[in-house]
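J.: Let me give you the structure first, and then I'll get to my questions.
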Amino acid sequence: MDGNIANASYAFFILTAVFSLPSISRIAKRPWRVKTVYEGLYEDDDGVATEESMSKFSTKGQFAVISGASGLGLAVSFALAVFATVRREKDFSDLCLVQVWLLFPAWLLDTALEEGIIIKFQRASYNLASCCFIAILAWMTLLGQMPGEPDSTVLVVCSVTQVVAVFTIATAIFLIERRPDVYRPDGRVVERQYQSSLWARYTFSWSSEILDLAATKLIDNDDMPAPDTSFRSNYIKAKFREISLKPTLKLWALLLWTFWYPLAWQWSLIAISTLFDVAPQFAMLKLLQFLEARQGFDAIDPQAWLWVAAMFAVTVGSTIIDHRIFWLMMCDIAIPMRSILTALIFEKMMKLKNIKEPPKIEESKDAPKLPNGNTDDAPKSKDKPEAQTQQDIVNMFAVDTNLVAVFGANNQFYLNFVCRVILAIAFLWYLVGWESMLAGMASMCILYPINHMLGRRYANYQKALMKARDGKTTVITEALNGIRQIKFSAIERQWTEKIDEVREKELQKIWETRLNNILMGVASDFTPVLFAVFALATYTYIHGDLLPSIAFTAMSLFIQLEGLTGMIPMLLVFGVNAKVSADRIDNFLARPEKPENTYPGDSVSFDKAVISFPSDAEKGDEDRFILRDINLEFPNGALSVISGPTGSGKSLLLAAMLGEAEVLSGNIRVPRPPPIQERFDNKATSANWILPTAIAFVSQTPWIENATIKNNILFGLPFDSKRYNEVISACALTKDLAMFEDGDSTEVGAQGISLSGGQKWRLTLARAFYSRAGILILDDVFSALDAHVGKEIYDKAMTGPLSEGRTRILVTHHVQLVLPRAKYAVRLGARGTLEHAGLTEELRQTGSYEDIMDADDSTINVTDTETGASSAITLQEPLPSSVVPIVVDETPAPAKPTPKKLVEDEHREVGGVKKSVYLTYLRATGGFPFWSFVFVIYIAAQSLSMGRSWWIKIWTATYEHSKGQVTSVAHSYTMQTQMFSPIFSSSSINVQSSNSTLGYYLGIYVAISAASVVVAGARYYFIYSGSLRASRNVFQKMTYSVLHTPLRWLDTVPTGRILNRFTADFQNLDSQLAMNFAYVAGTTLEIVGILIAAFFISPYMILLSVVLLVICAQITRRYLGGARSIKRLESIQKSPMISHFGSSLEGLSTIRAFSNADTFIGRAYGLIDSFSVATWHNQLFNGWVGFRMAMVGSIFSSAVAAFVVSTRGVDASLAGFALAFALDYRNAAIRAIRLLASTELDMNAAERIFEYADLETEPQGGIENLRASWPEQGKLEVRDLEVGYAADLPSILKGLTFTAASNQRIGVVGRTGAGKSTLSLALFRFLEARKGSIVIDGVDISTIKLHDLRTRLAIIPQDPVLFSGTIRSNLDPFDEFSDVQLREALQRVHLVPSSDSTPMPEAQQVVAESSVTTSSTAFTVDLDSKSNINIFLSLSSPISSSGSNLSQGQKQLLCLARSILSRPRLLLLDEATSAVDMMTDALIQRSIREEFSNTTLLVVAHRLSTVADFDRILVMRDGVAAEFGSPKELLQKEDGIFKGMVAQSGEKEELEKSILEL
C-alpha cells in the first residue's frame, strides 16, 4: 500500500485520539456502581415536555445500530490488519485502520452511559469526525495503487465493508433526535428545529408537516409552532442588552458582538464552500483524464465509478453546506437581528420625551415684522434627522430594520467575494505569470476611481431616498388621520396632488439610484474585459505567442472574474443601505429619553417650578410656552380644580405632574407608584384595590385602544363585576351599552371611531375610575358631555363612592359645576401666569374664590353645595335598577351571539395568484409592446453572450494542436448573463485562419464583450423604466381609491393596514417585481439555449432534462401550495405592528401614567414574534424546496457521469461537454423554478395593492349643470329621513323630519345615540338615505355631485383636524385669501387681540393683579418677567401634525376661523367650542351671530346655554325629531323633553331667564 495512506492513518489516529480524550477522561472518572436516572419531564428555555412527548422520544434503536456497525468495522479492521501482517512483503501498512476503530468504543461507551438528553446528542454528533476520518482513509485506500489478485479483492472488500459500516454509523447518528417535543405554557408546541435529528435539520424535513398543512387551509399564527428562544424577541433582546460593552459603541459593533458565533460559523462554512465550488470541476477533470488515458472500453471500471461517486458526494456536500449557510444567514442572523432592532425601537419609543414640537419652516425673505420684534415666520430649519414621529418610526421598523438585517445575513458575500477573487487571481498568476497579472491589475486601477465615485454617489442617493420615503409616509399618514376632514371639505383632489408630489420625489430618487446602479454595473463589467486585454497582450509580448490552452483557460477565468466584479454593485448596495439605515436607527436610539424630572413626595406639589413642553430644539425661552414660578400643593384624597382660559397652560401643568414636561428650574414632587411587578393585580380585592400612589390619566384628547369597550375599561386589570358595574353606572354608560347590540363586547375601532365624542370621554373616564390608581389626573372631561350627563358624572363619579380616598386633579372650564365641592383651586392666566391658587376655604376669605367663579362664568351662576338637593339628578328616562344591559357574569349565557367585529381580519386570497393580477401589473409596466421589446433586448443579450463563447471556439480552433481540448462552463453572475452562461467547445470545429493574429481575435472578443455590456445596461434601463411606470400608475390609482372610498370602510380598516400597503408592499413593487419577470425571461432563454445545444450532442440528454424538470415541478407544486399561504400571512403581519406602534405613540402619556408601558412592550414582543414566525417559516420553506431541487440536480449530474462512463464511444471531449452541460443545467433549472416561485410569491404584494386600488368608491356622478350660486338661501328640508351605517345594521335615523328656514340658527340637542352625528353624516352624504330626502334650496342633495355638495357646505367637527404646516396653510391651504383676511378671521375667534374684550390679551398688556394668594403664603408675580408669546400673531407659526402643539380649544377655534373665511350658506357645528373656556365661548357665540348672519346654522350642542338664544331647537330621540320649535315654545311645553333637559342641566334658572327674555 502507498506509504502516504499509512502516514495518513497515523495522522488521523492522533486526531481521533485528541477528539476522544474527553470521552476517555469522563469514563475514567465515572463512578461505575452509581447509575444516574433522568427523572421528571425534560425542560429547557424553549419549553417543557409532556408525558406523551417523553414516551415517544427514544434513541435506543439508533445506538443499537451504532454499536453493531462499530463492532463490524472494528472486526474488519482487525482482519485487514492480520492480512497486512501476513502479506508484509506486499508493502501493506502494519495496522491500517485499526488504530482509528479502536477509539470508537471509548466515545460510544461514554455516550451510551450519559443520561442527559442534550449532552448525549451532542457527544454523538461530536464524534462524527472519526467517521469522516475512517471514510477518507478507506477512500484513499481504494484510490491508491492496488496490489495484484487476490490481494486487491481482499483489500477492496474490507475497505468497502468499513465504508459501509462507517456510513451506517453516520446515518444512525444523523437520525438521533435531539430532544422530545416541548411546549409553551399556552400549550403550543415549540418549533421542532431543535427537536429534530441532524438529518431532518439539514434536509429541512421537519418542516414538511407544516408545509402540507399550509397547503390545505388558510393558515394562521395559532396553527404554527411557537418560536424557540433563538428568535423569540424578548429573549434575544435581553441577550443583546446583557452585552457589557461601552454604551457609546455604534449599533453595528454591538450587533457584531451579539452575533459573533453564527457569523464566525458562517464564515467558516464559506471558506469550506469555496473549496467545494471547485470540487465538482476537479472530480470532472479527474474523470476526463481517466477517459483520455483508458485504452479500451470497460463499463465496470472501479476507478471511473469512484470518480462518479465522488462527483455525487461533492455536489451533495456542496448542497448541504450552501443551504446551511443560507439557513444561518436568514434564520440565525437576519430574522433575530430584525427582531432585536424592532424591539429596541419600540422600547425606545416608550421611553422617549413626548415631544409635540412642530416642524421647522424655512425663513421667508419678506417676512413682516411683528410688534414684538419677531418676524412673521418660524426659525430656519436645520438639516437634522428628526426620528420620533409615527411615520419615521414606521419606516424604521418596516424598512431600516430589514435592510440592516439583510446586510447582516449577506455579509458572507464579502468573504465569498474575497476568497473567490484570490483563487482566480492565483490561478491566473500561475497561468500567465506575474508580469501579465500586474498589467491586468493596472487596468483595474484605471476604473477604480469611477467605481469609487459611483459608490459614494449611491450612498448619497440612498440617504436622499430614505428621506423621501419618510416624507411620503408622513404625508400619507397625515392624510389617513385627517381623512374625515378631507372628505367633509371635498379636498381629495388637492390631497391626491400633494401625495403624488411626494411620491414623485421618491420615484425620482429611486430612478437616480437605479441609473447609478446601471453605471456601477457597466463599470464593473468592463473591468475584466480590460483585464483580459492587458494581461493577454502582455503575455504575447513577453512570450511571443499565445497558446490556445493558455488563451482558452485564461478567458474562462476572466469570465469568472467578470461574474465576481458583477457582485461589486450588489455588495455596495447592501453595505450602503445598511450603513444609512443603521445610522438612522442609531440616531433614534440615542435620542433623549423622558427624564425623571419629578421627586418622590407624599403629595403632588410644585416648588418654584418653571416648566415647559418637552423640546429637542436649541431655542431660547422666548420661543417656548413656559409656566413660571409655580408654587402649588394639592391635598391628598380631595378634589382639586385647575381652570384658566384657552391656551393658558392647564394641560402643561398636568403633564408636569406626570413627568412629561420639561422642568427648567424648581422641583416637582409626586408620589411614586409601585412597580408593576409589585402590584399583584391578579390578587387585588375590593379591600386593597386602591393603591394610594398609583396614577391614572385622562388626556385632553381621549385615547382609546382598538378593542372592546370592556377591555378598554379593564386596561389589563382583572375583571371585578361589582366594581365594573359601579363604574359603568357612575360614568353614565349604562344606557349607551343598552343601545349597542353587543353591549360592552362592542368593538370601538381605532381611536374609538365608532363612538360619539361624549362616549369616548366617558369610556376613558371609566378606565380611570376602574383603575387601582389613588391619584386621578383628569383633563377637561366635561367639555364633550351634555349638561345633565356631566352633572350626573360629577355626582356619581367625581364626588361619589368611587372617589373616596382618591386624589382628583381636574382641569375644566365648568368651574360653576365642580368648584363648590372642590378642596383646592388653581387659576391660570392667559400668558402662563398663576393668578390664584389655594384651598377653597382660604380663597373664599381672600375673595379669590369669587374671582375664579366669575372668570369662567359667561352669564350663568349655579348654586350648589355638598348637601344641596340639586345635587341629585334624575335621568330623563332612567332605567330600572335591575336592568343592566351588559353581560357581567363570569359565565356568559350560552345563547349570547358572537359579538360583531368592527374591524374585520385582513383579507387573504386563497390559492395561486390570479392571472388577472399578472395581466394588470404587466399592463401597468407598458403592456405587450413594452415586454415584446424587452424580450428582444434579452434575446440580443443572450446572443451576444453565446457569441462571445462561440468566438472563443473559433479562436482556439485555429490551432491544430488545440483539437480535443475541453473547457468547463464558466459561471457568470454578471449583468450580461445575470445567470450562468455555458462556453461550448467541440473537437470537430477547426476554422483555418493562418493569417489571424492575436490583435484580431482579441479585438473582436473585446468588441463583443463591450457590446454585451452595453446591451445589458440597456436591458436594465428599460426594465427599470417599466417598473417605475407601473409603480407610478398603480400608486396613483390606489391613492385615488383610498381617498374616495366610503367613510365606513375607512372607519373599519386600521390605518396600519393601509400604511403597510403604501410602504412595505410598494417597496416590493418598486424594487424587485419587474426584475423578477426579467430574471425569469433571462433564465428561460438560457435553458432553451442549453437544450438546443444538448440536442446536437445526444437526444437522451433531452429526456433526462425533461425528467428533471418534471421532478422539480412536483417539488415546486408542493412547495407553492404551502408557501403561498405563509407568504400571505407574512404580508399581513406588519399591519398589526404598524397599528400598535402608532396607537402606542399616540397614547404614550396615558400608557406611562398608568405604568402600563411593560404591558404594551409585551404586546409588541408578541406581534414581533408573530411576524418573525411567518418570515421564519417562509425562509424554512425556501430552504426545503431549494435543498430538494439541488439534490435532484446532484442526482442528475451524477447520472450523466454514469451515462458517460457506461456508454461506448463517448470520448473525453464529448464527455466533458456533457458533464459541463449537466452541471450547468442543474443550476439553471433550479434557478428558473425558484425564480418562478419567487415571482408568484412576490406578486402577493401586487395582489394586496390591487385589492385596495379596486376599492368601491363613493359615487361621483350627479347634476352636471348645478347653478354656481347654489345654495343661495340655505333653506334645509329634511323629509322622513331614514339612514343606517351599513346594510346589515339597523337604521339610526328613523323618519326624521324638520325644516330650517334661511339664515335660521338651529340647535340640535339630545342624548348620546339620538342620531345627532348621523344627521351630519347624512347631510354630507357619507351615509345614503334608505328612505326620505334632504333638500337644500329646492335641490335634493342625492342628485348632485358629492364634490359640489361638500364644497358648498361646511362643518366644524367636535374633534378638530389640523395638518402639519403653518397657521396660514391650515387657514388657507389653497392661497385664496389675503393675510389681512386671515388675521381678521383669527380676531373673530379671539385667538389674536382685537378691539373687543378677549381672553387673549395683547403682548403689551399685563396681568392687573400683582399678587397671588396660595393656601399657605402669598407671593408676588414679577411683572417684568417675560410673558409667553401668542403664536397666532404670526401666520407662519408652525403647526405639528394633527395640531399636537396646540390645545384642544385652540384647535377648535382655528377650525372655526377657517369656516369664517369660507362663508358657507349652510354650516354645521358639532360642539365646535366645547373645549374653550366659558368667557371665550360667549364671545365666540357673539362672533358666530355676527359673522354667520347670512348663514343657516345647525349647531350640535351639549351646553344648553350655547343654543338657548337660537331660533329653533331640534330635540332628537331614537332617530326622530321628538320636539322642534323655538326655545320659548319648547320650554312652555308641559312634560316636554327640552323642558326636562333644562331642569336637569344644573343651570335651570339662568337658562329659563335667558330663554323667556327672547
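J.: Got a sec? What order do Glu662, Glu1264 fall in by accessible area at 1.4 Å, biggest, i.e. largest, first?
T.: Order by accessible area, largest first: Glu1264, Glu662.
J.: Starting with the highest mean, order 436-446, 593-603, 676-686 by the number of other Cβ atoms within 10 Å, averaged over the residues of each peptide.
T.: Per-residue mean Cβ counts within 10 Å order the peptides as 436-446, 593-603, 676-686.
J.: In whole Hz, with x marking every Gly and Pro, tabulate ³J(HN,Hα) for region 1178-1184 from phi via Karplus 6.51 cos²θ - 1.76 cosθ + 1.60, θ = phi - 60°.
T.: 4, 5, 4, 5, 4, x, 4
J.: Can I ask one more? Taking the Cα-to-Cβ direction at Glu504 and at Arg723 and moving 7 Å from each Cα, how far apart do the two end points lie in nm?
T.: Result for the modelled spin labels: 5.8 nm.
J.: Which number gives the lysine pairs in region 626-751 that have C-alpha atoms under 19 Å apart and are eight or more places apart or on different chains?
T.: 4
J.: If packing is taken as the average count of other Cβ atoms within 10 Å, what order do 931-938, 395-402 fall into, highest mean first?
T.: 395-402, 931-938
J.: Determine the per residue accessible area of region 1451-1557 with all protein chains present and a 1.4 angstrom probe, expressed in square angstrom.
T.: For region 1451-1557, the solvent-accessible area averages 34 Å² per residue.
J.: Once you sort the root eigenvalues of the Cα gyration tensor of region 1027-1073 as a ≥ b ≥ c, which label holds: rounded (a/c under 1.5), prolate (a/b larger than b/c) or oblate (the other case)?
T.: oblate
J.: Roughly how big is region 412-510's charge dipole about its Cα centre, with Cβ charges of +1 (Lys, Arg) and -1 (Asp, Glu), in debye to the nearest 20?
T.: 280 debye
J.: Between Lys356 and Ile119, what's the calculated FRET efficiency when r is the beta-carbon distance and R0 is 51 Å? Round to 0.05.
T.: 0.35
J.: Ranked from highest to lowest mean number of other Cβ atoms within 10 Å per residue, what is the order of the peptides 197-210, 697-710?
T.: Numbers: 197-210: 18.2, 697-710: 22.4.
Those peptides, ordered most packed to least, come out 697-710, 197-210.
J.: So what's the net charge close to Ile1115: Lys and Arg +1, Asp and Glu -1, counting the other residues with Cβ under 12 Å from its Cβ? If you can, show how the numbers build up before the last one.
T.: Numbers: positive: Arg1117, Arg1118, Arg1188, Arg1234; negative: none.
Taking every other residue near Ile1115 into account, the sum is +4.
J.: If you don't mind, there's one more thing I want to ask. How much accessible area per residue does region 176-247 have, in Å², with a 1.4 Å probe?
T.: Per residue, region 176-247 has 46 Å² of solvent-accessible surface.
J.: Rounded to the nearest 0.05, what FRET efficiency do Asp212 and Leu1556 have when you use their Cβ-Cβ distance and R0 = 60 Å?
T.: 0.15
J.: Continuing with the same structure: Grab the Cα-Cα distance for Glu841 and Thr693, subtract it from 0.36 nm times how many residues apart they are, and report the gain in nm with one decimal.
T.: 50.7 nm
J.: With all protein chains present and a 1.4 Å probe, how do Ile753, Ile340 order by accessible area, largest first? Spell out each step's value before the answer.
T.: Details: Ile753 50, Ile340 0 Å².
The most accessible residue leads, giving Ile753, Ile340.
J.: In addition: What is the local net charge at Gly1315, summed over the other residues whose Cβ is closer than 12 Å to its Cβ (Lys, Arg +1; Asp, Glu -1)?
T.: +2
J.: Longer than 24 Å from Cα to Cα, which of Lys914/Lys1037; Lys791/Lys1553; Lys760/Lys1451; Lys239/Lys472; Lys246/Lys579; Lys1037/Lys1451 are they? Say none if no pair is.
T.: Lys239/Lys472; Lys1037/Lys1451
J.: Which whole-Hz ³J(HN,Hα) couplings does region 505-510 yield from phi under the Karplus relation 6.51 cos²θ - 1.76 cosθ + 1.60, θ = phi - 60°, glycine and proline marked x?
T.: 3J(HN,Hα) across region 505-510, in whole Hz: 4, 5, 5, 5, 5, 4.
J.: Measure off 7 Å from each Cα along the Cα-to-Cβ vector at Asp44 and Phe413, then give the distance between these two points in nanometres to one decimal.
T.: Spacing of the two 7 Å Cα→Cβ label points: 3.3 nm.
J.: Give me, ordered by chain and number, the residues 5 or more places off Glu191 or on other chains with an amide H under 5 Å from its own placed amide H.
T.: Close amide H contacts, sequence-distant or interchain: Ala226, Asp228.
J.: Hey, another quick one. Just to be sure I understand the model, the point goes 7 Å from the Cα along the line to the Cβ. What's the resulting Glu497 to Glu1490 distance in nm?
T.: 3.5 nm
J.: Now for a different question. With unit charges on the beta carbon (Lys/Arg positive, Asp/Glu negative), name the residue among Ile1460, Val1500, Ser1434 whose Cα is farthest towards the positive pole of the charge dipole of region 1434-1558.
T.: Ser1434
J.: Using a Förster distance of 51 angstrom, determine the FRET efficiency expected from the C-beta separation of Ser932 and Asp1280, and round it to 0.05.
T.: That gives a FRET efficiency of 0.25.
J.: Quote the charge dipole size of region 566-671 about the Cα centre in Debye, to the nearest 20; the model charges only the Cβ of Lys and Arg (+1) and of Asp and Glu (-1).
T.: 240 debye
J.: Can you list residues from other chains, or at least 5 along the same chain, whose modelled amide H is less than 5 Å from the amide H of Ile642?
T.: The answer is Leu810, Val811, Thr812, Val826.
J.: Carbon and sulfur together cover what percent of the accessible area of region 1242-1302 at a 1.4 Å probe radius? Kindly include the intermediate steps, with their values, before the conclusion.
T.: On the way: 1370 of 2800 Å².
Percent of accessible area from carbon and sulfur atoms in region 1242-1302: 49.
J.: Let me ask you something else. Give me the extension gain from Arg457 to Met441: residue separation times 0.36 nm, minus the current Cα-Cα distance, reported in nm with one decimal.
T.: 3.3 nm
J.: Please give the length that would be gained between Phe1374 and Phe427 if that part of the chain were fully extended, namely 0.36 nm times their separation in residues minus their C-alpha to C-alpha distance (nm, one decimal).
T.: Length difference between fully extended and current span is 334.0 nm.
The values are calculated or read from the model by the stated rules, or taken from the named source; none is laboratory data. Everything quoted here is computed from the prediction, not taken from an experiment. FYI the Cβ positions are ideal-geometry reconstructions off the backbone, even for glycines, and counts take in every protein chain you see. The area values use the complete protein model at the heavy-atom level, side chains included, leaving out ligands, DNA and RNA. Shrake-Rupley method; radii C 1.70, N 1.55, O 1.52, S 1.80 Å.
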